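Each remark here refers to the structure printed beneath this line.
The values are calculated or read from the model by the stated rules, or taken from the named source; none is laboratory data. As the structure is a computational prediction, the values presented were derived from the model and not from experiment. All Cβ positions, glycine included, derive from the backbone under ideal geometry; neighbour counts span all protein chains shown.
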């Protein structure tokens, strides 16, 4: 396995590659088809490049362990805004999640409804493309861009456009207190409940439905959180109680269960109808996140759920069905092909990963 420790070494490894390369960070996020090629590990590109707490800015190398980043930020009561997922339990993987893997998969948790996805927190990126060229885009402050917005393109590209070497983030202050409001209701009622909560003045940072319970999260200063949680519970006929948001984020409910796990993005108002259709195919375990915009579904092994998804897209997060990713409409597929031709004309980066 190749394990470069500098951008120069990485660029040389890619430029001199005689065939496909499998890009590996911590090896904890197994989404997509197995790549064909020699393994190239970015874990050697590790370390904090710049941290400016007063400016809410962080720059780090792609192989930096996520836990190291979170430990550093916690000392200054700060955090990554998008609450990155950890899928090791769900996917039965080991290893250490890295910052590059988070960005490459655009890993975003329940806070996405208030803080945006991983890509929305990125302000700069450096990467090596399929020809071994070192490219960069963005910087250490938010600004408008022209041409390709490579910062956004790299997020969720699963290593098919380039090998990320360094990433710049904007940060948020950590919450002083957190409270959860729980409302017992059906999935159809849950979407309306979550929509009402998000439309309220109580500043909701998480909205999910699992096992007959809608959970709503309130974060901020202790006094404000206590007031808002009680007011929201009274308004919705719920109660203030404990809820494990990390377990929701990492889909622990499906970790020990047999079957394939699908991640489905839909318009929140379509969630109940999609869930009903999924159950008609045999996917009986359903979780809503992002106020109904994200559905986690546990299905019998080998069952392709996409036949009932007429709006939105589905990704197989655990299982063997193919294709793993939702087939793209012709115009989008043509654009994706053109981008890969631009940044990886030899087709050597994570070949076959995204189908």
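Could you check residue 93 against (1) touching a strand residue (DSSP E or B) at 6+ places or on another chain (Cβ under 6 Å); (2) modelled with pLDDT under 95 and say which number it fails?
Just one mismatch for residue 93, condition (1).
Suppose we keep only residues that are under 24 Å from the mean Cα position of the chain (by Cα) and part of a strand (DSSP E or B) within the stretch 226-262. Which one would you say is surrounded by the fewest Cβ atoms within 10 Å (Cβ to Cβ)?
Going through the qualifying residues, I end up with 260.
Restricting to the stretch 26-75, count the residues that are under 18 Å from the mean Cα position of the chain (by Cα) and closer than 13 Å to residue 4 by Cβ.
So the answer is 2.
If I go through the stretch 88-108 residue by residue, how many of them are within 15 Å of residue 67 (Cα to Cα) and either free of Cβ contacts under 8 Å to residues at least 24 places away in the same chain or buried (at least 23 other Cβ atoms within 10 Å of the Cβ) (or both)?
Qualifying residue count, the stretch 88-108: 8.
Give the stretch 302-350 a look and list any residue that's in contact with a strand residue (DSSP E or B) (Cβ under 8 Å, 6 or more places away or on another chain), buried (at least 16 other Cβ atoms within 10 Å of the Cβ) and part of a loop (DSSP other than H, G, I, E, B), or say none.
303, 309, 312, 319, 324, 326, 348, 350
Which one is surrounded by the most Cβ atoms within 10 Å (Cβ to Cβ), of the residues in the stretch 12-31 that are assigned to a helix (DSSP H, G or I) and in contact with a strand residue (DSSP E or B) (Cβ under 6 Å, 6 or more places away or on another chain)?
Once the filter is applied, the top-ranked residue is 14.
Could you check the stretch 187-201 and list, in sequence order, the residues that are modelled with pLDDT of 95 or more, in contact with a helix residue (DSSP H, G or I) (Cβ under 8 Å, 6 or more places away or on another chain) and surrounded by fewer than 20 Cβ atoms within 10 Å (Cβ to Cβ)?
195, 196, 198, 200
If residue 279 satisfies all but one of (1) in contact (Cβ under 8 Å) with a residue 24 or more places away in the chain; (2) part of a helix (DSSP H, G or I), what's the number of the condition it fails?
That leaves (1) as the condition not met.
For the stretch 75-83, check the following and say yes or no: at least one residue is farther than 29 Å from residue 199 by Cα, surrounded by fewer than 18 Cβ atoms within 10 Å (Cβ to Cβ) and at pLDDT 95 or above. Walk me through it before giving the result.
To start, the set of residues in the stretch 75-83 that are farther than 29 Å from residue 199 by Cα comprises 75-76.
Pick out the ones that are also surrounded by fewer than 18 Cβ atoms within 10 Å (Cβ to Cβ) and you get 75-76.
From the residues that got through so far, the ones that are at pLDDT 95 or above too are 75-76.
Checking the stretch 75-83: at least one residue is farther than 29 Å from residue 199 by Cα, surrounded by fewer than 18 Cβ atoms within 10 Å (Cβ to Cβ) and at pLDDT 95 or above.
Yes/no matrix, rows are residues, columns are (1) farther than 21 Å from residue 250 by Cβ; (2) modelled with pLDDT of 95 or more; (3) touching a helix residue (DSSP H, G or I) at 6+ places or on another chain (Cβ under 9 Å):
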| residue | (1), (2), (3) |
| --- | --- |
| 263 | no, yes, no |
| 288 | no, yes, yes |
| 293 | no, yes, yes |
| 298 | no, yes, yes |
| 302 | yes, no, no |
| 307 | yes, no, yes |
| 312 | yes, no, yes |
| 331 | yes, no, no |
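Which one of the conditions (1) assigned to a helix (DSSP H, G or I); (2) under 17 Å from residue 206 (Cα atoms) does residue 223 fail to meet, given that it meets all the rest?
Among (1) assigned to a helix (DSSP H, G or I); (2) under 17 Å from residue 206 (Cα atoms), residue 223 violates only (2).
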